[in-house]
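Engineer: After the structure tokens below, expect a handful of questions from me.
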Amino acid sequence: MTSVHVEPSRLTGVVEAPPSKSYTHRVFSLASLCTEKTIIHNPLISRDTQATINAAKMLGAEIVEKPGAYTVVGRRRFKTPDNIIDVMNSGTTLRIYTGLATLVEKGYTVLTGDESIRRRPMAQLLEALNQIGAECWSTRGNGSAPVIVKGGNRITGTAKIKGDESSQYVTSLLLTGLAAHGDIEIQVMEELVSKPYVDATIKMVEVFGGEIRRRGYEWFRVSPQELRGVEFTVPGDFSSAAFIAAAAHLTQGQVTIKNLSTQYPQADEKIVEIIKLYGSEANYTSEGLFVEGGRNNADVEVVLRDAPDLLPVTAVIAAVNDGQTRIHGVAHARLKESDRVTLTAAELRKLGVEVEELADGLLIHGNPRIKGGVAVDGHGDHRLFMAFTVLGLALEKGLIVKGAESADVSYPAFLQDLSKLGARIKKTE
């Protein structure tokens, strides 16, 4: 396992946000359902998105990489994969392609991934797919991967699913419905979490000329429909840019982040609001998002029901804020690559931060006098690793953060981009 030694630094300069992971997943998945040619510019190529590209290929999509772009020609009905689909660490790939595998003409599709993926819940999605005519199940009978999906069934009908666990289940059902055998109606029980991710899915369906009927986040209807081939440029990723924005805030720096657009819904755009709560300036200019770090040392309340991926980075900002922060509405963050609620609290305590773990979040008693100089563990979770790395930049004695390889899941150039802005970071084995 590779660690980084992070030394106190002040960040200044200009950096480009990497392409959006969420939109890269969605554009390749939709292109795999489209029989016309799609050209994708500026996709994120990371471990997670490579899993989606590989899954699309295994179901029969033709994907060709050309300089600066990918060309995709999909299928109306998928072929039986030649092998098991390995989604690696990508929950999005697992959920979307479990749904799409119900559209395979015959045979069986098996999907699995790494140790983290094999712990993540799938039971609700499997049950919902079975309600619309699929036959799919967990091989271990515990509602987690590996999962098996039988092809050749008629997919249509009504699926009822709880909304409190993951919006990816709804995304999977929506995309499946585009090439199903009849209409699919989705009824969401309880309030849906991570709503902007469903908005992103519907926005991308519309980009491909499709239509989804809806009543808020409680009811959706999808009819089988032909999608049109498009040329699409993937926007920058607020989820990744959040760590750069947080680093500028924590180090009292001045950073411009280019390649961010508010045209496409992104849950983690909320980072702009969050750093403002803690006293930084953040404004959109002709160059990009300009962040000037500042502190107001106030008690803060942050609701992350729709943006659970911001939990670790918000927590490290709160750790050095001279005030109390309550982060809540984010019980579903326990079901991510790791239990981000428990593990974030555990690692902050190593630094001497007083943290109370709540059922749905954290209560953090910030301490701007923490020194650092200790080793913390990212637990193989890319967002934990990146959050504690940017925290180390603001501590007098820095930090040693374990698990640098995990950044490849979503932001392969993370350490390089920080270094461009003046961060002093050294890799160690």
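The values are calculated or read from the model by the stated rules, or taken from the named source; none is laboratory data. All values reported here derive from a predicted model rather than from experimental measurement. With ideal geometry, Cβ positions are generated from the backbone for all residues, glycine too; neighbour counts draw on all protein chains shown.
Engineer: Is there any pair with a first residue in region 222-250 that is touching a residue at least 40 places away in the same chain (Cβ under 8 Å) and a second that is among the polar types (S, T, N, Q) and crowded, with 24+ Cβ neighbours inside 10 Å whose Cβ atoms are under 6 Å apart and which are 6 or more apart or on different chains, and what are they?
Structural biologist: 229/38; 230/38; 234/20; 234/24; 235/20; 237/20; 238/266
Engineer: Filter region 213-234 for residues that are surrounded by 20 or more Cβ atoms within 10 Å (Cβ to Cβ) and either among the aliphatic types (A, V, I, L, M) or assigned to a loop (DSSP other than H, G, I, E, B) (or both) and give the result.
Structural biologist: Hits for region 213-234 are 222, 227, 234.
Engineer: In addition: Only one of (1) surrounded by fewer than 22 Cβ atoms within 10 Å (Cβ to Cβ); (2) under 23 Å from the mean Cα position of the chain (by Cα); (3) of a type in the set (Gly, Ala, Ser); (4) within 22 Å of residue 221 (Cβ to Cβ) is not met by residue 133, so which one is it?
Structural biologist: (2)
Engineer: Would region 89-109 turn up any residue that is surrounded by fewer than 20 Cβ atoms within 10 Å (Cβ to Cβ) and under 19 Å from the mean Cα position of the chain (by Cα)?
Structural biologist: no
Engineer: In the list 342, 314, which residue meets the criterion of being assigned to a helix (DSSP H, G or I), of a type in the set (Ser, Thr, Tyr) and buried (at least 16 other Cβ atoms within 10 Å of the Cβ)?
Structural biologist: So the residue among 342, 314 that is assigned to a helix (DSSP H, G or I), of a type in the set (Ser, Thr, Tyr) and buried (at least 16 other Cβ atoms within 10 Å of the Cβ) is 314.
Engineer: Against the conditions (1) without any contact (Cβ under 8 Å) to a residue 60 or more places away in the chain; (2) crowded, with 23+ Cβ neighbours inside 10 Å; (3) among the hydrophobic types (A, V, I, L, M, F, W, C), where does residue 148 fall short? Just the number, please.
Structural biologist: Residue 148 satisfies every listed condition except (2).
Engineer: Under 8 Å between Cβ atoms, which residue pairs at least 6 apart in sequence (or on different chains) link something in region 42-70 that is at positive phi with a partner that is not small (Gly, Ala, Ser)?
Structural biologist: So the pair list comes out as 42/19; 42/233; 42/234; 60/75; 60/78; 60/79; 68/41; 68/42.
Engineer: Related question: Considering only region 373-389, I want to know if a residue exists there that is surrounded by fewer than 16 Cβ atoms within 10 Å (Cβ to Cβ) and assigned to a strand (DSSP E or B).
Structural biologist: The answer is yes, given that some residue of region 373-389 is surrounded by fewer than 16 Cβ atoms within 10 Å (Cβ to Cβ) and assigned to a strand (DSSP E or B).
Engineer: Sort out which residues of region 392-407 are part of a helix (DSSP H, G or I) and more than 13 Å from residue 373 (Cα to Cα), and write them in order of number.
Structural biologist: Result: 404, 405, 406, 407.
Engineer: Same structure again: Quick check: is even one residue across region 29-38 of a type in the set (S, T, N, Q), over 22 Å from the mean Cα position of the chain (by Cα) and under 30 Å from residue 422 (Cα atoms)?
Structural biologist: no
Engineer: Going by the structure shown, is residue 276 outside the structural domain of residue 25 (by TED's automatic domain parsing), out of contact with any Leu (no Cβ under 9 Å at 6 or more places or on another chain) and not aromatic (Phe, Trp, Tyr)?
Structural biologist: Yes; evaluated as a whole, the condition is true for this residue.
Engineer: Please pick out the residue among 269, 301, 287, 281 that is modelled with pLDDT under 95, in the same structural domain as residue 348 (by TED's automatic domain parsing) and farther than 17 Å from residue 391 by Cβ.
Structural biologist: Criteria check complete, one pass: 287.
Engineer: Can I ask one more? Could you list, in sequence order, the residues of region 110-129 that are without any contact (Cβ under 8 Å) to a residue 60 or more places away in the chain, buried (at least 16 other Cβ atoms within 10 Å of the Cβ) and over 16 Å from the mean Cα position of the chain (by Cα)?
Structural biologist: 110, 111, 112, 114, 118, 122, 124, 125, 126, 127, 128, 129 - these are the residues of region 110-129 that are without any contact (Cβ under 8 Å) to a residue 60 or more places away in the chain, buried (at least 16 other Cβ atoms within 10 Å of the Cβ) and over 16 Å from the mean Cα position of the chain (by Cα).
Engineer: Across region 167-182, which residue is surrounded by the most Cβ atoms within 10 Å (Cβ to Cβ) among those that are over 13 Å from residue 103 (Cβ atoms) and among the hydroxyl-bearing types (Ser, Thr, Tyr)?
Structural biologist: Among residues in region 167-182 that are over 13 Å from residue 103 (Cβ atoms) and among the hydroxyl-bearing types (Ser, Thr, Tyr), the one surrounded by the most Cβ atoms within 10 Å (Cβ to Cβ) is 169.
Engineer: Right, another one. Give 400, 370 a once-over and let me know the one that is of a type in the set (Val, Ile, Thr), surrounded by fewer than 24 Cβ atoms within 10 Å (Cβ to Cβ) and closer than 23 Å to residue 275 by Cα.
Structural biologist: Within the list 400, 370, the selection yields 370.
Engineer: Can you find even one residue in region 58-78 that is within 15 Å of the chain's Cα centre (by Cα) and either modelled with pLDDT of 95 or more or in the same structural domain as residue 112 (by TED's automatic domain parsing) (or both)?
Structural biologist: no
Engineer: For residue 257, which of the numbered conditions (1) in contact with a strand residue (DSSP E or B) (Cβ under 9 Å, 6 or more places away or on another chain); (2) farther than 12 Å from residue 17 by Cα fails to hold?
Structural biologist: Against the list (1) in contact with a strand residue (DSSP E or B) (Cβ under 9 Å, 6 or more places away or on another chain); (2) farther than 12 Å from residue 17 by Cα, residue 257 comes up short only on (2).
Yes or no, residue by residue, for (1) outside any strand (DSSP E or B); (2) under 30 Å from residue 424 (Cα atoms); (3) in contact with a helix residue (DSSP H, G or I) (Cβ under 6 Å, 6 or more places away or on another chain):
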{"residue": "1", "(1), (2), (3)": "yes, yes, no"}
{"residue": "38", "(1), (2), (3)": "no, no, yes"}
{"residue": "44", "(1), (2), (3)": "yes, yes, yes"}
{"residue": "54", "(1), (2), (3)": "yes, no, no"}
{"residue": "70", "(1), (2), (3)": "no, no, no"}
{"residue": "76", "(1), (2), (3)": "yes, no, no"}
{"residue": "80", "(1), (2), (3)": "yes, no, no"}
{"residue": "110", "(1), (2), (3)": "no, no, no"}
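Engineer: Going by the conditions given, is residue 282 in a loop (DSSP other than H, G, I, E, B), without any contact (Cβ under 8 Å) to a residue 40 or more places away in the chain and either under 23 Å from residue 360 (Cβ atoms) or among the aliphatic types (A, V, I, L, M) (or both)?
Structural biologist: Against the criterion (in a loop (DSSP other than H, G, I, E, B), without any contact (Cβ under 8 Å) to a residue 40 or more places away in the chain and either under 23 Å from residue 360 (Cβ atoms) or among the aliphatic types (A, V, I, L, M) (or both)), residue 282 does not qualify.
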